[in-house]
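Student: After the C-alpha cells below, expect a handful of questions from me.
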Amino acid sequence: MTPGEYLHGVPMTVKNRIILAAAERSARFGLTAALHVLRWLSLEDFGALLICMPDNRHLPNLSRVLPRMASEEVQGAWTAAKGFALLEQSISFLQLISDRYDKLTGKKMRDARVLDFGCGYGRLMRMMAYHVDPAQIHGCDPWQESIDIAVKDGMFGHLALSARVPDRLPFPGTFDLIYAYSVFTHLPEPLAARCLQTLADALAPGGLLVITIRPIEYWAVSLYKLHEQLREEKMHEHRTRGFAFVPHGWEPIDHVIPFGDASFTPEWVERTIPGLELADRLRWGGPLQTTISMRRRG
C-alpha cells in the first residue's frame, strides 16, 4: 500500500501506515496492546477499520483480536442503516458522549466504568474501545439473539442478557457512564420509568446517564403517517403530560405493550425519577432524536 491509497476507508497516509503496521505487530500480544496503538488513529479511521474486520489478507493479527463486524443484514435489521452511513451516526454519538462526559463530570473517560444499555450486537461498544479499555466496557440487551451475535463475532467487553423489564442490571456495582441510543424512543411510560430508575440506581456518585429521546416534532413527521387526530392527540399528550406513546403489535408484558414509538421531555424524567437531574440537552441524536444527559442527585 502506498500513500493516497485506502484500506477499508482508512486513508493510507504515512502516519496511518505506521500506526497500522505497529498495531499489527502489537496484536500478537493481545487486544489491549493492539488498541493502545490503534488509538493513535482518528476516531473516524478507528471506526472505519473496525467495521471492516476481519481482513486476514492485510491484517491477520488484528483480525484475530478485534471483533468481526456484524453482517449488513444484521446491521440493517437492528438499526435501519448499515456500513459507512451507520458509522457516521456512531461516530457522532460517541463524540457527543465523550464531550459531555469530560465537560459535565470533569473526569476523563479513560478511567470510566461504562454501560451500553440496549447494546444490540455491540455497534457502539466497538467504538467505545477508542476511549476506554475493554475490561471497563459492559453491554446488556433484552434480546438473546443480540447477545448471541455479539458473542459469535468475538465482541470484547462484558456482555449479559437483561430482563425485558429490569429491576436490576445483570452486572454488580455502579457505573460512571451509562448510555442508551434509540432505546427510550420505543418504550411505554411504565417501562421507561422502571428502566430509568434501574439506571439511576446504578449510577456512581457524579456519574452521567446519556440517552436519546424523541422531541415533540417527531409526531408531525412520523414515519408511520399518523392520521391527523392521533397526531394531534400525541402532541397534546407530550405538551401536557410530558410523555406520549403509540404501541406496535407486540404481546403485552404485565398488561403493557412493551414496544412502540415514544416521545417525552427531560422534565418528565426529573418528575418521575427524583434521583436524576438534567445536566444538558442537545438537538442531536440521529434522525429526529434529542440527546439528554442526566446526573444522579446527591
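Read-outs: derived from the displayed coordinates by stated rules, not from any lab. All of these numbers come straight from a predicted model, not from anything done at the bench. FYI the Cβ positions are ideal-geometry reconstructions off the backbone, even for glycines, and counts take in every protein chain you see.
Student: Assign unit charges at the C-beta atoms only (+1 for Lys and Arg, -1 for Asp and Glu), then state the dipole size of the stretch 6-65 relative to its Cα centre in Debye, rounded to the nearest 20. Walk me through the intermediate numbers first.
Tutor: On the way: 7 positive and 4 negative charges, 44 e Å.
The calculation lands at about 220 debye.
Student: Take the alpha-carbon positions of the stretch 6-65, form their convex hull, and give its projected area averaged over all directions (one quarter of the hull surface) in nm². If you can, show how the numbers build up before the last one.
Tutor: Values: hull surface 13.4 nm².
So the mean shadow area of the Cα hull is 3.3 nm².
Student: If you wrap the stretch 113-206's Cα atoms in a convex hull and average its projection over all directions, what's the area in nm²?
Tutor: On the way: hull surface 23.0 nm².
Taking a quarter of the hull surface, the average projection is 5.8 nm².
Student: Based on the mean of other beta carbon atoms within 10 Å per residue, what is the order of 270-278, 16-24, most packed first?
Tutor: Packing order, densest peptide first, comes out as 16-24, 270-278.
Student: I need the phi-derived Karplus couplings for the stretch 53-65: 6.51 cos²θ - 1.76 cosθ + 1.60, θ = phi - 60°, integer Hz, Gly and Pro marked x.
Tutor: Karplus values, whole Hz, x for Gly and Pro: 7, x, 9, 5, 6, 8, 9, x, 5, 5, 5, 7, 9.
Student: Here is a follow-up. Angle check, please: helix 83-105 long axis (alpha carbons) against the longest principal axis of the chain (alpha carbons), in degrees 0 to 90, nearest 10.
Tutor: Once rounded, one gets 70 degrees.
Student: Name the aspartates and glutamates eligible as straight-distance cross-link partners of K107: C-alpha to C-alpha under 15 Å, and not fewer than 8 places from it in the same chain.
Tutor: Partners found: D99, D176.
Student: Sort 176-186, 129-139, 230-240 for me by packing, meaning the mean count of neighbouring Cβ atoms within 10 Å per residue, highest on top.
Tutor: 176-186, 129-139, 230-240
Student: Work the Kirkwood hydrodynamic radius out for the chain: mean of 1/r over every pair of different alpha-carbon atoms, inverted, in Å. The partial results should precede the final answer.
Tutor: Working: mean 1/r = 0.0497 Å⁻¹.
Evaluated over the chain, this radius sits at 20.1 Å.
Student: State the three equivalent ellipsoid semi-axes of the stretch 1-145, derived from the C-alpha gyration tensor as the square roots of 5 times its eigenvalues, in descending order and whole Å.
Tutor: Semi-axes (√(5λ), whole Å): 24, 19, 15.
Student: Could you give the size of the charge dipole of the chain about its Cα centre, using +1 on the Cβ of each K and R and -1 on the Cβ of each D and E, expressed in debye and rounded to the nearest 20?
Tutor: 820 debye
Student: Here's another thing I want to ask about it. Projecting each Cα onto the charge dipole of the chain (Lys/Arg +1, Asp/Glu -1 at the beta carbon, about the Cα centre), which of H36, I211, L94 comes out farthest on the positive side?
Tutor: The one lying farthest along the dipole's positive direction is H36.
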